[in-house]
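Shown next, in structure tokens, is the structure this report addresses.
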């Protein structure tokens, strides 16, 4: 068993804690429950003909759903990522891998992220912590992350709260915006910036857009709280108390989507953070998301002994719920869905 202080040990800690502990945000909700989709009793549609298809990074998708970044960097994570990737390929969805820092430091761990052999057609996203740009990473490491998994784009994730309460956290975020801009300018692949569950505001989204970021995943608050995950990793009562004080922290997912879309009409917007049904997916799209991400439910399915089969089964519920929501609002396709107004 890898030591918890190592990167591989930390990855295993994260998987174990998310699966076994209550790490949901406390005192902050995603906001989806505050909205209702407008029901129509006479949709004038055939449910079988509802079209959920879209494109992302130039690739066709059967539905606007992203299996959000979760894991990698530990041998036990390889099976999880392969199950997620097989399911994404089968259903025609996008997928992001977890932070590849571990494999960039130790190439023996690269296989835990490499899923192209079972997912040749999907939009696949590489992933590096943006803060690592202040700790020796640069364009070359970002390029290697993309090439390592034959990705279509690179996620730079922002996680200041998680790093601040993590025992071994990297907390120098100074000057990071300019470094992100440099990656956007020099990396021969699109750059996506995402949070990890505390949200991106309109102000931060505008700053990112100004340095060249054209795709943002708001990853709002209300789902899994990574400060709560780190609380369970603390060795001292003091550390646990500090981490626990932030269980309520962040911008709710729905508010983040609304803010960023209003500020940046042309940005490609991914809405994630506590998305727990296809109805949530539909609401996120009406609020302004182009694509919607979910993580924890897929992770729970991926560790099932049936692997990809269980993930497919779980995500098919999301897709069926999305289709029914579109049908019952009279939305034949995503373009029609986006024209709806949510009811409070």
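Worth pointing out:
- Whether a residue is modelled with pLDDT of 95 or more, part of a helix (DSSP H, G or I) and more than 24 Å from residue 157 (Cβ to Cβ) was assessed, and residue 321 passes this test.
- In the condition set (1) closer than 18 Å to residue 144 by Cα; (2) touching a residue at least 40 places away in the same chain (Cβ under 8 Å); (3) surrounded by 24 or more Cβ atoms within 10 Å (Cβ to Cβ), residue 102 is compliant with all but (3).
- Residue in region 68-77 that is modelled with pLDDT of 95 or more and part of a helix (DSSP H, G or I) present: no
- For region 17-28, the criterion of being crowded, with 23+ Cβ neighbours inside 10 Å and in contact with a helix residue (DSSP H, G or I) (Cβ under 6 Å, 6 or more places away or on another chain) is met by at least one residue.
- Region 145-175: number of residues that are within 21 Å of the chain's Cα centre (by Cα) and within 17 Å of residue 186 (Cβ to Cβ): 8
- Hits in region 158-206 - residues which are assigned to a helix (DSSP H, G or I) and closer than 25 Å to residue 274 by Cα: 160, 161, 162, 163, 164, 165, 202, 203, 204, 205, 206
- Selection count where residues are surrounded by fewer than 18 Cβ atoms within 10 Å (Cβ to Cβ) and under 16 Å from residue 71 (Cα atoms), scope region 304-315: 1
- Hits in region 117-133 - residues which are crowded, with 16+ Cβ neighbours inside 10 Å and either free of Cβ contacts under 8 Å to residues at least 12 places away in the same chain or in a helix (DSSP H, G or I) (or both): 118, 130, 131, 132, 133
- Restricting 270, 257 to those that are over 18 Å from residue 18 (Cα atoms), at pLDDT 95 or above and in a strand (DSSP E or B) reduces the list to 270.
- The residues of region 327-344 that are part of a helix (DSSP H, G or I) and touching a strand residue (DSSP E or B) at 6+ places or on another chain (Cβ under 8 Å) amount to a single one, 334.
The values are calculated or read from the model by the stated rules, or taken from the named source; none is laboratory data. Bear in mind the structure is a predicted one, so any value in this text is a computation, not a measurement. As a convention, Cβ positions derive from the backbone with ideal geometry for all residues, glycine included, and neighbour counts pool all protein chains shown.
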